[in-house]
Amino acid sequence: MSNTKICAKCLEEKKVKEFSYHATTKDHLYPWCKQCYNEYQKIYKAKNKEVLGEKRKAHREENIDEIREKERVYYEKNKDQLNEKGRERYKNNREKELEIAAKYRLKKKQQKIKGQMEQYGVNTTEEFEKIKQQEKEEHQQKMLGVRRIRNRRNVQKWQYSKSTFKVWENKLTPKENPTEGINGELLVECFICGKKFNPTNEKIKQRADGIKNGNETIGLLFCSDLCTNEYKNQLHMTTLKQNELRCEMRKIQQIKDRIENFDLAITGDLQWFSRNKQEIKEIDEDWYLKNNNAIVEEHIRRANASREKDKLNHPERSKEYYAKNKEEQINKSKNWRDAKAKYAGWFSKLTIEEDPKEDENGYLLVKCAYCGRYFTPMNKEVQLRARAIVGVLDSTAENRLYCSDGCKEACPIYKVNLWPRGYKKATSREVNPLIRQMCLEMDGYICQLCYKTIDEVELHAHHEKGVRLNPIFQNDVDNTITLCKECHKKVHSKHGCRYIDLRCN
């Protein structure tokens, strides 16, 4: 057998090694040489590029699992060689490789945009860009709200956390006697009992601001509510003593004036008055006994004159005027009761519990007894609340202030003086109403599952960690989340969060 063969394409005699193996021929060699065959394949592939590409794509889709498995096995066997070839190819053709990668990314991006346009039902890129810009702005607004809530939570967490010695040591006075505890916490003395305790950052800040402004009576530190109440009682007693002293001085002045009228002493001689105090007292009593009837008649005369003056200046106050204009007066009274309350007329008759404020139009703003939001009540509601504060309760009406009917229905102490029957400390959302109000305000009065507002649904404060099993988190505002009534039921229907689970030990 010869070692050469003539190529049927180029008609050149070449060695056998330059021909490919072929099983159907006699000599088991392909008629064309490798060089001619490769040139033919290049021309054929260039002419039929699309057809061959579709065939390869269809074949790959039909046998995707087998092909991927083969590729995986081949890659594992030749991993180092393939990676080395890839690095060399990238070094030698860096610009070309980057251009190919950029085209690939652009193609994928266009495919993604096309799919999103079909999803939104948009035909032009301008409309698609408008929609994406609108979504971007909405996302920014949402994230801004989330940041505000997070910042508010951080502020509240700082306010109710315990103070440290290094932060506040230079901002207090020797009266507080600040010392450092074992764990670096700040210890100060109670203003009443002198007991050492660790206050919160908020209380220390109020005290430091008072010292900075030169008023050391602001923000005094007390270790407990008992000491706070005792300090209030001391202030009250001091005020009573001051009032008694003023009354005594007023009586002395009245006696001096009467003595002057009787020509019994020289005006303004205080030394004489101190020497003859007992005699002046006896003279005053005798004067009242002698002129008692005249004094009573004078009081009656002044009262009648005052009534006549009121009739002239305010005729609508008289009984005759009321009888003639009864319907008009009733309508006027109804309109007054249903009108919004003014700040100037009511702020002095409310307490810190309502925290009265004035809005820009001069109306009264008070806190809701359930959710803690500020709102403007009607005159009748404020009148009932003011009467309840001084002890005059109306059994037929509510003596607290609520911003809506939803808060009235949700509040378990509505029209109830104490806690309602069936109140269970482990499961009731009213364990600490102040924590509930802080939770609602922290979440913007919005349910954190369905995003409905307090004007649409009834909102509750849900403890993320059960109060019975985790009592230490009972008054931790970070352990609460705002949920509507329906979402609250759904959460408590889950295993581990049901009320029956909360009651178990």
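Here Lys109 is the anchor, and the lysines within straight C-alpha reach of less than 17 Å, apart from those fewer than 8 places off in the same chain, are Lys132. Computed with a 1.4 Å probe on the full set of protein chains, the accessible area for Arg307 sits at about 140 Å². Expressed as a fraction of 2.2 N^0.38 Å, the value expected for a compact globular protein of N residues, the C-alpha radius of gyration of the range 107-149 is 1.46. Applying a threshold of 28 Å to the alpha-carbon distances of Lys136/Lys367; Lys175/Lys232; Lys142/Lys162; Lys55/Lys114 flags Lys136/Lys367; Lys142/Lys162 as lying beyond it. Note on Glu328 and Glu50: the model spin-label points, each 7 Å out from Cα along the C-beta direction, lie 9.6 nm apart.
Taken along the Cα-to-beta-carbon direction at a fixed 7 Å, the label points for Leu11 and Lys132 span 6.3 nm. Accessible area per residue (1.4 Å probe, heavy atoms of protein chains only) ranks Val390, Val146, Val167 as Val390, Val167, Val146, with the largest value leading. Placing a pseudo-label 7 Å from each Cα along the Cα-to-Cβ vector at Lys103 and Met249 gives an inter-label distance of 10.0 nm.
What's the FRET efficiency of Cys193 with Glu353 using the Cβ-Cβ distance as r and R₀ = 22 Å, to the nearest 0.05? Write out the running numbers ahead of the final one.
Details: r = 26 Å, r/R0 = 1.19.
Efficiency for this residue pair is about 0.25.
FRET efficiency for the Tyr37 to Tyr74 pair, using the beta carbon distance and R₀ = 22 Å, is estimated at 0.30.
FRET efficiency for the Ala344 to Asn123 pair, using the beta carbon distance and R₀ = 45 Å, is estimated at 0.15.
Computed about its Cα centre, the charge dipole of the range 102-181 is approximately 380 debye, with only Lys, Arg, Asp and Glu carrying charge at their Cβ. Our estimate of slack between Cys497 and Lys212, defined as 0.36 nm per intervening residue step minus the Cα-Cα distance, is 97.7 nm.
Computed with a 1.4 Å probe over protein heavy atoms only, the accessible area of Glu358 comes to about 110 Å². Rounded to the nearest 10 square angstrom, Met438 shows an accessible area of 20 square angstrom against a 1.4 Å probe.
Expected output is a single nm value to one decimal: the length gained when fully extending between Asp476 and Ser161, i.e. 0.36 nm times separation in residues minus the C-alpha distance. What is it?
Details: separation 315, 0.36 × 315 = 113.40 nm, distance 1.03 nm.
Difference between extended and current length: 112.4 nm.
Dipole of the range 1-108 computed with +1 at Lys/Arg Cβ and -1 at Asp/Glu Cβ about the Cα centre; of Leu106, Val51, Gln81, farthest Cα towards the positive end is Leu106.
Extension gain for Asn293 to Asn154 (0.36 nm times residue separation, less C-alpha to C-alpha distance): 42.8 nm.
The values are calculated or read from the model by the stated rules, or taken from the named source; none is laboratory data. Just so we're clear, the structure is a prediction, and the values are computed from it rather than from any experiment. Cβ coordinates were reconstructed from backbone atoms using ideal geometry, including for glycine residues, and neighbour counts include every protein chain displayed. In case anyone asks, the SASA skips ligands and DNA or RNA and just uses the protein heavy atoms, side chains included. Shrake-Rupley method; radii C 1.70, N 1.55, O 1.52, S 1.80 Å.
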